[in-house]
């Protein structure tokens, strides 16, 4: 069988806490038929489950040693993601693509591999990047007279989102929680610099910490706009507000 027989791989990537998981959940609630067309790619992960996460549904949660051992198997790709080990069974992914469209929701490191791996070189892809800041905002903040460090600003932006999310999940935070938050926040700027590689960028200020996803049942604010944009992109439409970033947008 050749790659021409494969269905579409939909990739939704972005920094930690930018709102990828809420889009997946709200798609299942408000666009169930559209979401059912895609089978989710479940990645192996060495970290512990967060409150509410289920093994085999959100990730295949395994020990670090178990995932490290997958490096010796030809079908697996193993990578370090913000201090955690993650892995994908490429052969299993290809089999899935022979049956249906596949949906990956996760970090730009795994997303980058999905866009460049030789076994997936000829498949149909839709690459969508979820950003906590818009192209217009970046262009404004880059003005020399403002003296803004975009790296520091984005790190602080994501740090605040991650702190709010973790407090909602756990209440009191441990030293390990704070270290994990800092690692993810510090990685966000580097990850945003990969957004230009994707077909579309959706700006979304309502991260995973926001009440706008589900506190009022219907998503509101940027959460609603991001959901609508994602759904329209899946249907082949180009909604207002989606962006295409240039490689040199972020210095």
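Any read-out appearing in this document is the output of simple, stated calculations on the displayed coordinates, not a laboratory observation. Remember, predicted model here, so these are calculated numbers, not experimental data. All Cβ positions, glycine included, derive from the backbone under ideal geometry; neighbour counts span all protein chains shown.
General observations
- Backbone N under 16 Å from the residue 125 label point (7 Å along Cα→Cβ), restricted to segment 214-247: 245, 247
- Rounded if a/c under 1.5, otherwise prolate or oblate - segment 157-214, Cα gyration tensor axes: oblate
- Pairs of Cα atoms farther than 15 Å apart, segment 53-104, %: 54
- Taken over the Cα atoms of segment 86-230, the convex hull encloses 152 Å³ per residue.
- Here the chain yields Rg over Rh of 0.95, to two decimals, using C-alpha coordinates and the Kirkwood radius.
- Least to most buried among 213, 245, 196 (fewest other Cβ within 10 Å first): 196, 245, 213
- Span from the segment 170-189 Cα centroid across to the segment 195-251 one, whole angstrom: 24
- Mean-position separation - Cα centroids, segment 32-100 and segment 102-145, in angstrom: 19
- Three-way shape label, segment 1-124, alpha-carbon gyration tensor, a/c 1.5: oblate
- Antiparallel %, DSSP beta bridges [both residues in segment 6-105], to 5: 45
- Inverse of mean 1/r across different Cα pairs in segment 73-129, Kirkwood, Å: 12.1
- Counting only DSSP beta bridges whose two residues both lie in the chain, roughly 30 percent are antiparallel.
- Cα-based shape type of segment 160-251, given that a ≥ b ≥ c are square roots of the gyration tensor eigenvalues and the cut on a/c is 1.5: oblate
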